[in-house]
Amino acid sequence: MSDIAPWFEPGSGCYRLGNWAPGTPADLDAKGKAGYRCVVFCMRRQGLKLSASEVAAPPALAGVVICMDWGNHPHWHAELLGLPGLSKQLVHMHNVKLVRMRGGFRQYRGTEYDERATESWPQTWFCAPNAEAGLAVLAKMMAGV
């Protein structure tokens, strides 16, 4: 999955498929326990890097990040599921790598596809414990600190 090896503990964001039937209450409960609760700032738009001010402009997406290996090693899939209920997928990426993890913040890199999966481009997620903490980091980036 990553430059940082996956680990399967509560709150890690890594989820093992196959233990429960998809979409069942047991599956959703297990995803809720495994998921990394955060807000996500998308750092690219159709593959182009955005400035810190452009990243901070739209509201951050709050939810639970789940990374899954669909049995096609080493190609991990990540999705941000909305709270409550984890029933709505807000964003997703393929070929995901966890490239940075520090003090409750994470950075995931992968490939995003259009709705018909006919075009793809690089995507990076900046994940923060909450919107205020994420915006504070982005403000420092804007100031050049």
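If residue 85 satisfies every condition in (1) at positive phi; (2) of a type outside the set (Val, Ile, Thr); (3) in contact with a strand residue (DSSP E or B) (Cβ under 7 Å, 6 or more places away or on another chain) but one, which is the exception?
Among (1) at positive phi; (2) of a type outside the set (Val, Ile, Thr); (3) in contact with a strand residue (DSSP E or B) (Cβ under 7 Å, 6 or more places away or on another chain), residue 85 violates only (3).
Output the residues belonging to region 112-128 that are over 12 Å from the mean Cα position of the chain (by Cα) and closer than 20 Å to residue 98 by Cβ.
Within region 112-128, 113, 120, 121, 122 meet the criteria.
When the residues of region 113-131 are narrowed to those that are of a type outside the set (Ser, Thr, Tyr) and at pLDDT below 90, which ends up nearest to residue 75 (Cα to Cα)?
Selected residue: 117.
Yes or no: region 86-103 includes at least one residue that is under 28 Å from residue 132 (Cβ atoms), over 16 Å from the mean Cα position of the chain (by Cα) and modelled with pLDDT under 85.
No, every residue in region 86-103 fails to be under 28 Å from residue 132 (Cβ atoms), over 16 Å from the mean Cα position of the chain (by Cα) and modelled with pLDDT under 85.
Filter region 11-39 for residues that are aromatic (Phe, Trp, Tyr) and without any contact (Cβ under 8 Å) to a residue 60 or more places away in the chain and give the result.
The answer is 15, 20.
I'd like to check which strands (runs of 3 or more DSSP E) are fully inside region 41-145 and have at least 3 residues that are surrounded by 13 or more Cβ atoms within 10 Å (Cβ to Cβ) and among the aromatic types (Phe, Trp, Tyr).
Output list reads 105-113, 120-128.
What residue, among those in region 13-54 that are aromatic (Phe, Trp, Tyr) and under 18 Å from the mean Cα position of the chain (by Cα), is modelled with the lowest pLDDT?
15
For region 65-84, does any single residue satisfy the condition of being over 27 Å from residue 18 (Cα atoms) and at pLDDT 90 or above?
no
The values are calculated or read from the model by the stated rules, or taken from the named source; none is laboratory data. The structure presented is a predicted model; accordingly, all values stated were derived computationally and were not measured. Positions of Cβ are backbone-derived with ideal geometry, glycine not excepted, and every protein chain shown enters the neighbour counts.
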